[in-house]
Amino acid sequence: MKINEASASILIVDDMENNRILLQDMIQALGHKTTLAVNGLDALSLMKFQLPDLVLLDILMPEMDGYTVLENIKADDKMNHIPVIMITAVDETESVIHCLELGADDYIVKPFNSSLLEARIRGSLEKKRLWDAEQDLLEKTLKGSIRVLVEILSLSNPKAFSRSLRIQKYVRLIVKSMKLKDQWSFEVAALLSQLGSITLPDEILEKSYETDAMKLSKGELKLFKSLPSLSKKILEKIPRLEMIAAMIGEQQRVYGFDTDLDGVSKKSKNIYLGGDILRVALEYDNLVMNGEPGRKALEILGQNSSYCNPKVVEALASQLLNEIKVQAVPLNINELKPGMILDEHVRAKKSKMMLASRGTVITEIMIERLKVMSKTIGVIEPFDVFLS
């Protein structure tokens with residue numbers, strides 16, 4: 001939440017009513033809004049629904065003391081950026097040091113000095129303002145970077161781009177079924193999973209995308225299998241894409257090799273899970289693109305539990321089974337809409353040259369391109385597409 005220093009939201013946590021009221025009056029006199037919490041549990045409950053810009057936190061409280069509240073705040077990714085000023089008595093120097101070690105940003109001493117309180121609040125809010133500005137810049141930079149990378153992929157290798165859109169669709173379904181948080185990270189990992197293809201020779205990509213990897217030579221297959229690591233290398237240097245790069249790199253990790261994740265951080269677990277999700281989505285796409293019916297492809301994945309995470313396969317199946325019942329329908333170019341998927345190759349009338357391959361996700365640019373080709377070299381219409 002971006003803050004206006006002249007009117008910030010400040011949470012006061014103190015079990016003593018006199019202290020709460022006194023601080024509230026002093027802070028409101030500075031032009032800020034206040035929320036009151038009578039204890040630590042109350043404070044954490046309030047913060048789940050509305051994050052403040054600043055917390056004033058008493059150390060000694062019943063039920064849950066200030067140390068525990070502070071640890072909870074700093075351990076939560078959604079809260080740990082919020083500055084915390086500890087409320088302490090004059091003779092609690094050691095306690096203050098402990099709080100600073102736990103991540104507190106500052107402290108104020110009872111009885112409260114209005115000038116000192118104002119200075120402490122101003123300093124903490126400035127820290128929050130700078131954090132917000134940095135996050136805003138990173139967010140804009142990140143979105144811009146992703147947009148550029150996606151555009152590069154779509155222009156340099158439309159087939160790889162189309163595959164990444166299909167993978168993104170499958171990943172979205174899996175994440176939805178598993179009710180995972182941070183859906184954005186998993187979907188971006190899918191969208192950028194084919195980025196390494198821009199460094200591979202065209203003939204290798206043509207073989208792998210048009211037919212199947214079985215027709216690749218040993219050397220070509222080795223290069224093609226390096227695609228995840230190539231994508232990872234491109235992305236891992238970009239700020240805030242490190243985790244996404246790691247997910248892409250993990251998609252070739254053999255599932256079941258190290259399934260004991262006790263003691264592994266939440267971030268690492270998400271990276272491993274992201275790799276599992278990408279692997280299932282990619283394997284499903286490989287099977288379907290090589291002619292396997294959707295149900296059969298899911299069955300094959302379900303039988304391959306040594307390579308594909310069964311929970312991820314089950315999640316994909318639960319979302320796809322209804323869609324698989326949908327039949328492709330014949331459409332002309334003028335009837336196409338973005339998001340539809342080709343169920344057959346689109347070819348030129350006279351030369352039979354392939355203009356778009358089966359499985360391609362239709363985009364606005366592709367529709368315009370086909371319209372131009374229809375007027376120039378001619379396009380065989382209609383062709384079968386899935387509506388979504």
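Structure data summary
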quantity	calculated
Leading residue by the ranking (farthest from L142 (Cα to Cα)) among those in segment 226-246 that are surrounded by fewer than 19 Cβ atoms within 10 Å (Cβ to Cβ) and among the polar types (S, T, N, Q)	S226
Exclusive hit being assigned to a helix (DSSP H, G or I), modelled with pLDDT under 85 and either surrounded by fewer than 18 Cβ atoms within 10 Å (Cβ to Cβ) or among the basic types (K, R) (or both), set K181, K159, K169	K159
Hits in segment 92-128 - residues which are within 17 Å of Q24 (Cβ to Cβ), in contact with a helix residue (DSSP H, G or I) (Cβ under 7 Å, 6 or more places away or on another chain) and assigned to a loop (DSSP other than H, G, I, E, B)	F112
Hits in segment 85-122 (condition: among the small types (G, A, S) and surrounded by 14 or more Cβ atoms within 10 Å (Cβ to Cβ))	A89, S95, G103, A104
Identity of the residue in segment 123-143, within 15 Å of A104 (Cα to Cα) and of a type outside the set (D, E, K, R), that ends up surrounded by the most Cβ atoms within 10 Å (Cβ to Cβ)	S124
Residue in segment 60-73 that is crowded, with 18+ Cβ neighbours inside 10 Å and under 17 Å from K127 (Cα atoms) present	yes
Segment 367-388 - residue that is touching a residue at least 60 places away in the same chain (Cβ under 8 Å) and either aliphatic (A, V, I, L, M) or surrounded by 17 or more Cβ atoms within 10 Å (Cβ to Cβ) (or both) and, of those, farthest from H345 (Cα to Cα)	L387
Options L46, L56; residue that is touching a Leu at 6+ places or on another chain (Cβ under 8 Å), in the same structural domain as N113 (by TED's automatic domain parsing), at pLDDT 90 or above and closer than 23 Å to E101 by Cβ	L56
Candidate set from segment 36-91 (those that are assigned to a loop (DSSP other than H, G, I, E, B), within 22 Å of K110 (Cβ to Cβ) and not hydrophobic (A, V, I, L, M, F, W, C)); member that is farthest from the chain's Cα centre (by Cα)	D91
Which numbered condition D105 misses (of (1) in contact with a Ser or Thr (Cβ under 6 Å, 6 or more places away or on another chain); (2) not assigned by TED's automatic domain parsing to the domain that holds S9)	(2)
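The values are calculated or read from the model by the stated rules, or taken from the named source; none is laboratory data. From a predicted model like this one, the values you see are computed outputs, not experimental measurements. So basically every Cβ, Gly included, is an ideal-geometry build from the backbone, and we count neighbours across all protein chains shown.
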